[in-house]
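Below is one structure; the comments refer to it alone.
The values are calculated or read from the model by the stated rules, or taken from the named source; none is laboratory data. Given the structure is predicted, the values throughout are model-derived calculations rather than measurements. Heads up, the Cβs are rebuilt from the backbone with ideal geometry, glycines too, and the neighbour counts pull from every protein chain shown.
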Amino acid sequence: MQEANSTGHSVAVIGGATAGAEVAARLAEAGVHVAVFEQNPRPYGKIEDGLPRWHLALRRKEYETIGNKLSHPNIDFVPLTKIGRDIPFEAVTRDWGFSAVVLACGAWRDRSLPVEGADAFEGNGLIYQNPFIIWFNHYPEADYSGPTFEPVDGALVVGGGLASIDVAKVLMLETTRAKLAERGIDVPILELEVKGIPKILKGHDLEFDDLGLTGCTIFYRRRIEDMPLVEAPENASPERLEKVAKARGKLLEKAMDKYRFTIEPLCMPDAVLVEDDRMVGLRFRRTAMKDGRPVPTDESFEARGPYAISSIGSVPEPMPGIPMKGELLAFADWDLGRLDDYPSVFSAGNVVTGKGNIVASRKHGTHVVRAVARFLGVAGESHEGEEALLGGDESQASGTAQAVGEYLNGQIPLDAAALAEIRDRVRARQASVDYRGDYKEWIARVSPGDSD
């Protein structure tokens with residue numbers, strides 16, 4: 001490890017989760033002072049708020065990994081600080097004096113359900129995935145004060161992929177648990193998820209039909225075997241593509257059997273159904289696959305339910321000062337997330353990829369199929385090996401860190417006074433949120449006593 005500030009540079013990293021912690025740690029180890037600005041009390045990002053809480057061992061492992069990186073002596077952690085709200089982006093990039101800035105703030109905004117007028121019914125028949133999973137992960141905490149939701153039987157889930165399956169599992173586990181509670185049977189969520197609904201019911205001489213539940217349904221625009229649980233290799237042969245499709249189908253069959261949700265393939269939302277000023281369902285348009293893409297047909301049908309949960313992906317939140325291109329930030333260089341008007345800015349993780357969910361790795365073979373099965377909960381009573389399913393944030397972030405290092409090598413080092421001024425600004429912000437300079441002490445203080 002090099003001596004603190006041995007490079008004469010200071011870098012701001014916006015976002016402290018997987019990608020941000022990786023960039024910060026690599027720069028810190030190279031002797032750069034790094035200030036990590038995190039909008040939440042804890043820097044765990046989608047690991048805490050997007051990965052359902054039944055992934056207990058994986059969450060704890062990732063928390064420890066992030067904590068070890070952010071505890072480096074060259075890193076100043078600045079929690080409860082959202083750039084663009086608490087500090088202007090322009091101030092961080094130009095006024096504070098940082099040698100470079102790295103955006104690693106993830107993708108927290110749900111893509112809008114692509115149906116005219118649907119967003120007018122958010123909270124009134126329409127729910128989005130991100131707040132729903134955040135609620136599920138945090139509602140057991142005594143001091144949780146965010147939005148609340150009630151899992152109800154017969155809900156519609158619009159989406160496809162692992163995130164929509166997570167939503168369906170939450171609905172099925174919670175509604176099953178509530179029905180069991182009516183019979184005086186208390187089953188913890190973790191046990192129900194690990195063992196599965198049929199096995200738990202069998203232990204109480206019950207069948208699923210005895211509960212009086214219809215279950216939730218995922219509405220997916222492609223075929224079931226197209227659901228991107230296992231990625232196909234680039235330039236895969238037709239034979240290999242067929243094997244991947246069969247693997248996806250088998251995994252989904254096991255998941256549907258274990259958690260009792262269903263999937264309605266080859267359909268896309270077309271219009272909202274409204275009664276008494278509330279959205280009560282959706283009209284769907286049937287699709288057909290042509291040249292690998294879903295194409296709408298003339299056939300349609302209606303599906304009604306207590307509400308619909310849209311789980312079609314996440315995109316970065318707009319940040320004042322950064323131009324947008326559609327739903328994404330308008331980067332000039334999409335590999336490193338460079339901006340034309342801010343030559344010292346780089347990006348890492350989901351803020352540049354535009355992905356906001358835990359996704360399958362692009363490694364291939366039996367290892368990944370097994371990892372996906374563990375993630376879905378259909379590979380036995382264990383979640384061992386799930387880390388293979390985390391997205392490529394860490395490897396992509398290491399490339400960004402290298403690019404930032406090369407950029408800094410071409411810049412004039414900051415003098416001692418400039419470095420001291422940056423530190424003074426950082427520490428003033430830390431003091432304003434009662435952060436006392438000790439990462440582990442802070443995490444112990446802000447972690448709910450009833451959280452993992």
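Computed quantities for the displayed model
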read-out	value
Residue, surrounded by the fewest Cβ atoms within 10 Å (Cβ to Cβ), within segment 78-103, restricted to residues that are among the aromatic types (Phe, Trp, Tyr) and assigned to a loop (DSSP other than H, G, I, E, B)	Trp96
Close pairs (7 angstrom Cβ cut-off, 6 or more residues apart or separate chains): in contact (Cβ under 8 Å) with a residue 60 or more places away in the chain in segment 412-431, of a type in the set (S, T, N, Q) and in a loop (DSSP other than H, G, I, E, B) anywhere	Pro413/Thr7; Leu414/Ser99; Leu419/Asn5; Arg429/Thr81
Count of segment 62-91 residues which are charged (D, E, K, R) and either in contact with a Ser or Thr (Cβ under 7 Å, 6 or more places away or on another chain) or closer than 23 Å to Val167 by Cα (or both)	1
Selected residue (only one of Gly84, Gly123, Gly50 is closer than 30 Å to Leu273 by Cα and not assigned by TED's automatic domain parsing to the domain that holds Ala155)	Gly50
Gly159 being assigned by TED's automatic domain parsing to the domain that holds Lys202 and farther than 19 Å from Arg304 by Cβ	no
Residue check for Ala416: over 27 Å from the mean Cα position of the chain (by Cα) and under 16 Å from Gly31 (Cα atoms)	yes
Strands (runs of 3 or more DSSP E) lying entirely in segment 156-271 (those with 3 or more residues that are under 29 Å from Ser112 (Cα atoms) and of a type outside the set (S, T, N, Q))	156-159
Complete set of residues in segment 146-156 that are surrounded by 14 or more Cβ atoms within 10 Å (Cβ to Cβ) and either among the β-branched types (Val, Ile, Thr) or at pLDDT below 95 (or both)	Val152
Meets criteria (closer than 19 Å to Tyr128 by Cα and touching a Phe, Trp or Tyr at 6+ places or on another chain (Cβ under 6 Å)) for Glu317	yes
Conditions (1) part of a helix (DSSP H, G or I); (2) touching a Phe, Trp or Tyr at 6+ places or on another chain (Cβ under 9 Å): number failed by Arg60	(2)
Among residues of segment 35-46, those that are surrounded by 24 or more Cβ atoms within 10 Å (Cβ to Cβ) and in contact (Cβ under 8 Å) with a residue 40 or more places away in the chain, counted	6
Unmet requirement for Val115, which otherwise passes all of (1) part of a loop (DSSP other than H, G, I, E, B); (2) of a type in the set (A, V, I, L, M); (3) surrounded by fewer than 20 Cβ atoms within 10 Å (Cβ to Cβ)	(3)
Pairs where the first residue, in segment 119-137, is more than 15 Å from Leu171 (Cβ to Cβ) and the second is buried (at least 20 other Cβ atoms within 10 Å of the Cβ) and among the acidic types (Asp, Glu), C-beta under 9 Å, 6+ apart	Asn130/Asp49; Asn130/Asp110; Ile134/Glu48; Ile134/Asp49
Given (1) free of Cβ contacts under 8 Å to residues at least 60 places away in the same chain; (2) on the phi < 0 side of the Ramachandran plot, index of the condition Asp226 fails	(1)
Flag if Ala168 is assigned by TED's automatic domain parsing to the domain that holds Ala303, surrounded by 15 or more Cβ atoms within 10 Å (Cβ to Cβ), touching a strand residue (DSSP E or B) at 6+ places or on another chain (Cβ under 6 Å) and modelled with pLDDT of 95 or more	yes
Check on Asp143, surrounded by fewer than 23 Cβ atoms within 10 Å (Cβ to Cβ) and either acidic (Asp, Glu) or without any contact (Cβ under 8 Å) to a residue 40 or more places away in the chain (or both)	yes
Verdict on Val359 being at pLDDT below 90, within 26 Å of the chain's Cα centre (by Cα) and either of a type in the set (Lys, Arg) or in a helix (DSSP H, G or I) (or both)	no
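Let's see how each residue does on (1) over 17 Å from Leu251 (Cα atoms); (2) in the same structural domain as Lys254 (by TED's automatic domain parsing); (3) surrounded by 14 or more Cβ atoms within 10 Å (Cβ to Cβ):
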{"site": "Lys199", "(1), (2), (3)": "yes, yes, no"}
{"site": "Gly203", "(1), (2), (3)": "yes, yes, no"}
{"site": "Gly215", "(1), (2), (3)": "yes, yes, yes"}
{"site": "Ile218", "(1), (2), (3)": "no, yes, yes"}
{"site": "Arg223", "(1), (2), (3)": "no, yes, yes"}
{"site": "Leu229", "(1), (2), (3)": "no, yes, yes"}
{"site": "Ala232", "(1), (2), (3)": "no, yes, yes"}
{"site": "Ala236", "(1), (2), (3)": "yes, yes, yes"}
